Structure formats: structure tokens, C-alpha cells
2 protein chains.
Amino acid sequence: MWGQEDKVLGVVGGMGPLATQLFYRMLIDMTEASRDQDHLDMIILNHASMPDRTEMIRLGRTEELFQALLKDVKKLEESGVTAIAIPCNTSHLLVDRLQAEINVPIIHMIRETVKSIKERRVGIKRVGILATYGTIASGLYQKACTEAGIQPFVPSEKGQKLVMKIIYEGVKGGNPIDYNDFIKIEGELATNGCEAAIMACTELSCFKEMYRLPDYYIDAMEVLAAKSIQVCGRKLREKEGAL
Amino acid sequence: MWGQEDKVLGVVGGMGPLATQLFYRMLIDMTEASRDQDHLDMIILNHASMPDRTEMIRLGRTEELFQALLKDVKKLEESGVTAIAIPCNTSHLLVDRLQAEINVPIIHMIRETVKSIKERRVGIKRVGILATYGTIASGLYQKACTEAGIQPFVPSEKGQKLVMKIIYEGVKGGNPIDYNDFIKIEGELATNGCEAAIMACTELSCFKEMYRLPDYYIDAMEVLAAKSIQVCGRKLREKEGAL
């Protein structure tokens, strides 16, 4: 759309807005650039009014969610984007169905994340999955990990409640986060022999950034950002080479 | 586009990308919200490949710039946005011409900023204008200030060069900023009796945020964010009331 040779990244975002904003920031920080024009052209849909993903899955209304997402990816396709990124793990439940309806490739955050772990953390045996109920219920991370020969660990019901509290009350709600909640989650990961854990919800990517958590926590959104830059034909900054 | 009653903000961004990303962040931080759905729906065009604004003005190629911007605002209008924000001060040279071509209102960052100064900094007599050569040459800030009874102060050629260095080498180029450059600019503002200075380039809004500069520096982009939230029918957070 902006000149014939230009590649444009389409982003279905706003799920939530803070996470998409961080995704945007990552794309900028991770691109090799010394002037505006070296950066990616993008169309970012901040679709904040999108129905809550986990809630729709819980209520059995995924069809409604699918239609809303389909409208957005079709809009981006019509705008002439090169590839589409959806910085929301829970929505990935519907990515294969969305992909079947459009020709523009949707970068699959979950498969790319597990592929990246396999390539970059050679020999890793067990990883924790920190995600919404919706993502956990979809089983997508568990399946991708198992296929890659990595054992997925899902927190107990008690731990999962704390994960949801950080996502909904903390990051999405904008309320103060009780870091003790996270210490309890870390305890479960340690006790269960996890060598790493995936921040498999983009609000947890924000949480990782807020607290500058170490690389024990693998950020799925960061993997999506790196892949988006590459798919659009731009170079990653040197320091990002070892992501 | 996302339900009949929803209001959608259109953003012509990417000039530069880091500034638009900060604008996005401001919109999120300044909106009264406790869940994703309380935030603004938006379509953000990160048009990074847009020709450099100051350079086009210098070369007498503003018509080309106008056509590129026109395509973007028309695209947003066709998408059904409620209002358009352009977080780039230099581009405002063309906003009246763009507005004449579309029905959707474009929020005028420069006029809104001077209006906000007049309302909130009662009795202020003289303000510095820190901006690109292009914005200074357009005379838009000088005119708006003069009409509001405020004396505009434009840095000397030497000071202006330092402003451009911070914008282009520092923020856009991603190189380390020599803070001594800014100290010299501050010296000029002080010597010339400025009671405040306008960060009249969105890269300087980024600079203000990076160094957590005090409210002596009035951020035009922050004014644009506040106005955008209000135009789209959302509330500002309490703390933003005294902006």
C-alpha cells in the first residue's frame, strides 16, 4: 500500500492495549535502524473493544470471537499487508481457522515460540506455561512442546489463579501487583523442575518488562516481534541475534 | 467499524515510530480504564517510510508530502474513524489543506497546545519553541502564540542546530545523546526569559520522557493525547485533570 516494494506488517492488537503497545516498542527496539525510514511500515488495529478472549471461550462463544477476528484480518489483507501478527496468545486458538480464510500469512506466535526454544535452548527438558485459562484450555502450548520433545508444565489450580490475578487485576486492570503472588508461582515452577517458563500471555510479557525479569522467562511476544521483523525483510539489531 | 456506537481514533504515525509508540502509550496511560474494553479503539498507521518532513520542506517538495499524507487520512476516513491525530508537529504545515479534503476532523496539535497553555498557564508571557527547522519555518507555533498573546521565542541558529542534533542523531538515529547539548539550549531559554518551552517535535516528547524532564517543558504530544481521548468520548484519568 505504501509503494510497491514496501512490506507492511499488519497487527491485530488491543488484546490488551498495553501489550500491543509493548509489542510496537519491541519492533522498534529490535529493528536495525538509524532513521525513521529503516523501520517497519505497519497498520496496527488497537481493537480494544474486542470481547474478552478467555471469557468468550468459557461461555462457549468462540464463534463470535472468530467472526470479530476474521473481520480484522480481512481488513488487514484488503489493506495489502505482507504478514499479520496477533500479539494475543489466547486468540491463537483460532489462528488456523483464520488462516484458512485469508491468503496473507499469519505468524503463529505459539509455534514460533516453541520452535525458538528448541533451537536456542538446546537440551531443555521441561518448561512452565504461564498463560490464561483460555490458552491453557486450548492445549496449544502443551501440544507444541510435546511435539518438540519438551515436557510442558501447567501450574496447579491455585497457581493458575495467581497467574490470572496478575494478568487481569494487575496488568489489564492497572492495579498494584502483589509480587508475593509471583513468588508463589516461581515456587511451583522450581518445585516441579522447570528449566524455563514461557510468558504465554502478552500481559505477562508486560509484567516481565515491568520487573525486568531474567531470561528464565521466555517471552512469546518477543519471539513474535523478532519473526515479524524478519518476515518483513528487515534486519534484527546485532544484540538481538542471540534471542 | 467496530460496532455502530464505538468511536475509533485514527492515527497517522511513524513520523517517527518511537514517537508514535510513545503517543500510543500516553493514550493508554491517560485513559480512565480498568479493563481492555475501557480503552480507545484505534487504527494506527505506522508509516515509517513517509519521506522526511523537514527534508521535503527544505527541497520544496511539500506537494509530494501532502499527497502521501492525504492518502493516509483518506484511508482512515474510509475505515470509519471518528477523528484523526497526527503525532508529528512538522506535518501540521499541511493539516489545514488535508482537513479541506476530508470530513473527519483532524485534531490540530499546534492550536490545541497553545490553547492548553493559555488555559492552564494563566498569565504566561514568553515560551520557547523547540522544534525542527520545518516546524519553525512554517511559523505555525509563532502565529498561534502571538494570537494568544504569548511571545514565542525561537532559538538562535546555534541553538537550533543542537535541537536538530537531539532529534535526528539522538532520538531518530538511536545514538547516545550528549546532555550538554540540551544544557546549552536551556541556557538560551533562560537567558531569553522563557517561562516555559514547548516540546514542539514528537521526538522531543520522547526526549522529555527519557530524561523525565519537568513541566517547564510543555509536551505538545501529551496535549494531543488528552484531546484525542476526549474527542473519542472517553474520560481522562483523575491525575491528568491538571495537565
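Going through (1) at pLDDT 95 or above; (2) more than 11 Å from chain B (Cβ to nearest Cβ); (3) under 21 Å from A:Ala137 (Cα atoms) one by one, A:Glu101 falls short only on (3). Of all residues in segment A:17-56, those being at the interface with chain B (Cβ under 7 Å from one of its Cβ atoms), open to solvent by 40 Å² or more (accessible area, probe 1.4 Å) and over 17 Å from the mean Cα position of the chain (by Cα) number 2.
Do we have any residue at all in segment A:194-206 that's among the small types (Gly, Ala, Ser), touching a Lys or Arg at 6+ places or on another chain (Cβ under 9 Å) and either touching a residue at least 24 places away in the same chain (Cβ under 8 Å) or surrounded by fewer than 17 Cβ atoms within 10 Å (Cβ to Cβ) (or both)? Yes, segment A:194-206 has at least one match. Against the numbered list (1) touching a Leu at 6+ places or on another chain (Cβ under 8 Å); (2) surrounded by fewer than 23 Cβ atoms within 10 Å (Cβ to Cβ); (3) away from chain A (no Cβ under 12 Å), B:Ala85 comes up short only at (2). Name the single residue that is surrounded by the fewest Cβ atoms within 10 Å (Cβ to Cβ) among those in segment B:146-189 being closer than 25 Å to A:Arg237 by Cβ and among the β-branched types (Val, Ile, Thr). My answer is B:Ile177. Residues of segment A:152-208 that are within 14 Å of another protein chain (Cβ to nearest Cβ) and either within 17 Å of the chain's Cα centre (by Cα) or closer than 21 Å to A:Lys118 by Cβ (or both): A:Met164, A:Ile167, A:Tyr168, A:Val171, A:Lys172, A:Cys201, A:Thr202, A:Glu203, A:Cys206.
For segment B:22-31, a residue qualifies if it is assigned to a helix (DSSP H, G or I) and within 18 Å of B:Ala83 (Cβ to Cβ), and the qualifying residues are B:Phe23, B:Tyr24, B:Met26, B:Leu27, B:Ile28, B:Met30. Within segment B:1-16, the set of residues being at negative phi and either free of Cβ contacts under 8 Å to residues at least 40 places away in the same chain or open to solvent by less than 10 Å² (accessible area, probe 1.4 Å) (or both) comprises B:Trp2, B:Gln4, B:Glu5, B:Asp6, B:Val8, B:Leu9, B:Gly10, B:Val11, B:Val12, B:Gly13, B:Met15, B:Gly16.
Taking the options B:Gly123, B:Gly128, name whichever one is away from chain A (no Cβ under 14 Å) and either surrounded by 23 or more Cβ atoms within 10 Å (Cβ to Cβ) or of a type in the set (Phe, Trp, Tyr) (or both).
Values: B:Gly123 fails: either surrounded by 23 or more Cβ atoms within 10 Å (Cβ to Cβ) or of a type in the set (Phe, Trp, Tyr) (or both).
Only one candidate passes the filter, namely B:Gly128.
Here B:Leu59 fulfils each of the conditions (1) open to solvent by 10 Å² or more (accessible area, probe 1.4 Å); (2) closer than 18 Å to A:Pro17 by Cα; (3) not polar (S, T, N, Q) apart from (2).
Looking at B:Leu59, B:Leu76, B:Leu69 in this structure, which one is without any contact (Cβ under 8 Å) to a residue 12 or more places away in the chain and more than 9 Å from every other protein chain (Cβ to nearest Cβ)?
Values: B:Leu76 fails: without any contact (Cβ under 8 Å) to a residue 12 or more places away in the chain; B:Leu69 fails: without any contact (Cβ under 8 Å) to a residue 12 or more places away in the chain.
From the options B:Leu59, B:Leu76, B:Leu69, the qualifying one is B:Leu59.
Can you spot a residue in segment B:129-144 that is at pLDDT 95 or above, within 20 Å of the chain's Cα centre (by Cα), closer than 24 Å to B:Val95 by Cβ and basic (Lys, Arg)? Yes, some residue in segment B:129-144 is at pLDDT 95 or above, within 20 Å of the chain's Cα centre (by Cα), closer than 24 Å to B:Val95 by Cβ and basic (Lys, Arg).
The values are calculated or read from the model by the stated rules, or taken from the named source; none is laboratory data. Since this is a predicted model, take the numbers as computed values, not measurements. Note that each Cβ is placed from the backbone with ideal geometry, even for glycine, and that neighbours are counted across all protein chains shown. Surface accessibility is based on the protein's heavy atoms, side chains included, excluding ligands, DNA and RNA. Shrake-Rupley method; radii C 1.70, N 1.55, O 1.52, S 1.80 Å.
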